[in-house]
Amino acid sequence: MSNASNGSKVALVTGGTRGIGFETVRQLAQSGVHTLLAGRDRNKAVDAALKLQGEGLPVEAITLDITDPASIDAAASEIERKFGKLDILVNNAGIIAEDRTATRPSQQSVAAWRETFDTNVFAVVATTQALLPLLQKAPAARIVNVSSILGSLALHTDPASPIYDFKAVPAYNASKSAVNSWTVHLAYELRDTPIKVNAVHPGYVKTDMNAGEGEIDVPTGAKTSVAMALVGADGPSGGYVYLGETLPW
Ligand code: NAP
């Protein structure tokens, strides 16, 4: 068993190769957490981990395609063998699979809906289910589901809200609503345990997902995931937060 498990927390961040995930790995490692940078492409994960190791951070690469059950099983076995537990799971990996030339929600293909839900919802559930036994072996695990403000039905139905007119990617938006619902259900199941489960909105962040557009930089975009990954015993579970503020479902 690795020395990293002696005394230090172990975290896994899915989609750690770039964007918000990469920065979440960096910030968790900067706080002293031994952090597994998970990527579906082994080489990309290793390259990203080497970069952070070069900054002197306790980061190691792990291969994980969250849509591949065999890959999930292999990652869970590797963590079990090396650490025997997992303190933090950040379900960060996500995609926008929609046809951006479709101008109305009704024009999005069912294929785009399926692809989006496969990664953003079903893979998150599968990854969490597989890693839950390891999370339960940690003293007080944290599960962070990276959602989006675009998953908020309350804001989508409020004409005064800033996202009221953001209806161009319905499968993505609905996938994040489903992530929110999954968060509430899992938090309820685990309510009498020390484990906390929260959904986060990172902000509108300048990453590849937005073709570099966005309102905030990537380090700020990782802050809410990191805060919920490290939240204390007095913190929320079953919450939906952005930079310390609770969002309406
Ligand atoms: P990004 O730059 O596009 O990065 C996405 C990450 O997910 C990449 O590391 C990618 O890996 C990984 N990924 C995709 N499919 C995967 C799979 N099947 N298995 C494992 N990894 C997979 O996106 P981002 O902007 O950082 O977004 C991160 C999260 O924040 C997503 O859940 C997104 O929905 C959410 N979010 C983002 C914003 C924003 O403004 N950017 C706003 C709200 C919510 P590869 O490198 O291999 O492609």
Within region 87-120, work out how many residues are within 13 Å of the ligand (Cβ to nearest atom), assigned to a helix (DSSP H, G or I) and more than 11 Å from the chain's Cα centre (by Cα). 5
Would you check if there is a residue in region 200-218 being more than 18 Å from the chain's Cα centre (by Cα) and touching a residue at least 24 places away in the same chain (Cβ under 8 Å)? no
Is it fair to say residue 147 is under 19 Å from residue 123 (Cβ atoms) and hydroxyl-bearing (Ser, Thr, Tyr)? yes
Here the residues within region 121-148 that are away from the ligand (no atom under 16 Å from the Cβ) and not charged (D, E, K, R) are 132, 133, 134, 135, 136, 138, 139, 140, 141
Every residue from region 122-163 that is within 23 Å of residue 214 (Cβ to Cβ), buried (at least 19 other Cβ atoms within 10 Å of the Cβ) and among the aliphatic types (A, V, I, L, M): 124, 144, 146, 149, 150
Any chance region 200-219 includes a residue that's assigned to a helix (DSSP H, G or I), more than 16 Å from the ligand (Cβ to nearest atom) and modelled with pLDDT of 95 or more? no
Every pair of residues 6+ apart whose Cβ atoms lie under 8 Å, when the first sits in region 47-60 and is surrounded by 14 or more Cβ atoms within 10 Å (Cβ to Cβ) and part of a helix (DSSP H, G or I) while the second is basic (Lys, Arg) and modelled with pLDDT of 95 or more: 48/18; 52/26
Of the residues that make up region 4-22, is at least one of a type in the set (Ser, Thr, Tyr), within 20 Å of residue 126 (Cα to Cα), in a helix (DSSP H, G or I) and at pLDDT 95 or above? no
When region 231-249 is examined, which residues are found to be among the hydrophobic types (A, V, I, L, M, F, W, C) and in contact with a strand residue (DSSP E or B) (Cβ under 7 Å, 6 or more places away or on another chain)? 231, 241, 247, 249
In the set 87, 68, 99, which member is among the acidic types (Asp, Glu) and touching a strand residue (DSSP E or B) at 6+ places or on another chain (Cβ under 8 Å)? 87
Take the residues of region 220-243 that are in a loop (DSSP other than H, G, I, E, B) and either free of Cβ contacts under 8 Å to residues at least 12 places away in the same chain or among the aliphatic types (A, V, I, L, M) (or both): which is surrounded by the fewest Cβ atoms within 10 Å (Cβ to Cβ)? 234
Among the residues of region 123-171, which ones are free of Cβ contacts under 8 Å to residues at least 40 places away in the same chain, farther than 17 Å from residue 20 by Cβ and among the hydrophobic types (A, V, I, L, M, F, W, C)? 132, 160, 163, 166
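The values are calculated or read from the model by the stated rules, or taken from the named source; none is laboratory data. This is a predicted model, so every value here is computed, not measured. Cβ sites come from the backbone with ideal geometry, for glycine too, and all protein chains shown count toward neighbours.
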